[in-house]
Structure formats: C-alpha cells, structure tokens
Amino acid sequence: MTGKTHFAFGILLGTTYGMQTAHDLSTFAGIVGTTAVASLVPDICHHKSKAGKLIWPISWFVRLLFGHRTLTHSILFLCLTSVLLYLAHVNIPFIIAFNIGMISHLVLDMLTPQGVTLFYPIEKKIRWPLHFKTGGIIDISLATTFSILTMYIFYQEMFHRIMNWLK
C-alpha cells in the first residue's frame, strides 16, 4: 500500500476510536493524529517511505539489520512499541490509538502480494487470499474510500452533537 492509503485508513480508524473515547477536542485531535502517524511507523524499514525519509538514519539502520517488512511489520514490534510507550508513561488511550494505527498498516500490507512477516522472527509471509498491487487502482480507490468515510463519520457525529446542543 502507499503511504496515502495507510494514512487515510489510520485517520478513519482514529476518527472512529476518537469519537468513542475522547471527551474534548484536544484529546480527539491527539488520538486521530497518533493513529494517523502510527499507521506509517511500520515502514521505517523502507528508506523511500514517508517515515523512512523523516528519520533516515534509523530507517537505514533498521533495514540493514532486519530488511523490509520483517520486524517492523510484526506482532513482536507492536508489543515492543506498546511496552516502550507504557514505560514512557503515555496515557493508555494514546497507546491504544498507536496500536490501532500500526495494526491498520499490517492489515493493509497483508492485502499486497508480498504480505508481512506477522510472526517475525518466523520468516513466513502472511497475506490475505485477495491481494493486489501497491499503487494500483484498488490501492488508490481504497485511499479515496477511507477519506470519504472519515468525512461522513465526522460530519454525521458533529451534526448529531450540534442538534443535541440546540435542544
């Protein structure tokens, strides 16, 4: 999947989770932002990804040690980052948001022919039975669909909240 598709899916899931969890606008924005950014994190192993370009020394080092779609695309990495965030005293709703973003990335990359090494260090690639090319028409269509769904969910929820405030 492209970074745009990962980001759009992360925002969609972050919006959905934030609507259920946040009690104020700043927490909502923080949850959506955390989920969106976390949806790009597994690609730190790829030097041409958005995350890889941003922190290229780490990207280069991770790719050198582990390769692409190995450690950073695994349940092990998800657990390690969760523990690190917990030890850094990050609030639980934001750790959950981070995990949602990372899981969204793995789910989408399992839709590609390359799949992911979900159970790293076991080298077996996991992918969905239905898969398609990164950057193809389906990939672009998914990004567009995720964006439209996010707008629909956000505006529907805001409409209901405004109507309740007016009562």
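Does Gly135 fit the bill of being outside any helix (DSSP H, G or I) and either charged (D, E, K, R) or in contact (Cβ under 8 Å) with a residue 40 or more places away in the chain (or both)? Criteria met by Gly135.
For the range 151-159, state whether one or more residues are among the hydroxyl-bearing types (Ser, Thr, Tyr) and crowded, with 16+ Cβ neighbours inside 10 Å. No - not one qualifying residue is present in the range 151-159. Within the range 142-160, residues that are part of a helix (DSSP H, G or I) have Cβ atoms under 6 Å from residues that are of a type in the set (Ser, Thr, Tyr) in these pairs: Leu142/Thr5; Ala143/Thr5; Thr150/Thr15; Ile153/Thr15; Phe154/Thr15, counting only partners at least 6 apart in sequence or on another chain. Of all residues in the range 106-130, those that are under 20 Å from Val41 (Cβ atoms) and in contact (Cβ under 8 Å) with a residue 12 or more places away in the chain have Cβ atoms under 8 Å from Cβ atoms of residues that are among the aromatic types (Phe, Trp, Tyr) and surrounded by fewer than 14 Cβ atoms within 10 Å (Cβ to Cβ), 6 or more apart or on another chain, in Met110/Trp128; Leu111/Trp128; Ile126/Phe119. Within the range 19-47, residues that are more than 18 Å from Ser104 (Cβ to Cβ) sit with their Cβ atoms under 8 Å from residues that are in a helix (DSSP H, G or I) and hydroxyl-bearing (Ser, Thr, Tyr), at 6+ positions apart or across chains, in these pairs: Thr27/Thr21; His47/Ser59.
Listed here are the residues, each with its yes/no results for (1) among the charged types (D, E, K, R); (2) modelled with pLDDT of 90 or more; (3) out of contact with any Cys (no Cβ under 9 Å at 6 or more places or on another chain).
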residue	(1), (2), (3)
Gly3	no, no, yes
Tyr17	no, yes, yes
Thr34	no, yes, yes
Ala38	no, yes, yes
Asp43	yes, no, yes
Lys50	yes, no, yes
Ser59	no, no, no
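Reported count of residues in the range 69-128, each being of a type in the set (Val, Ile, Thr), over 13 Å from the mean Cα position of the chain (by Cα) and crowded, with 17+ Cβ neighbours inside 10 Å, is 5.
The values are calculated or read from the model by the stated rules, or taken from the named source; none is laboratory data. The model shown is predicted, which means the values in this text are computed figures rather than measured ones. So basically every Cβ, Gly included, is an ideal-geometry build from the backbone, and we count neighbours across all protein chains shown.
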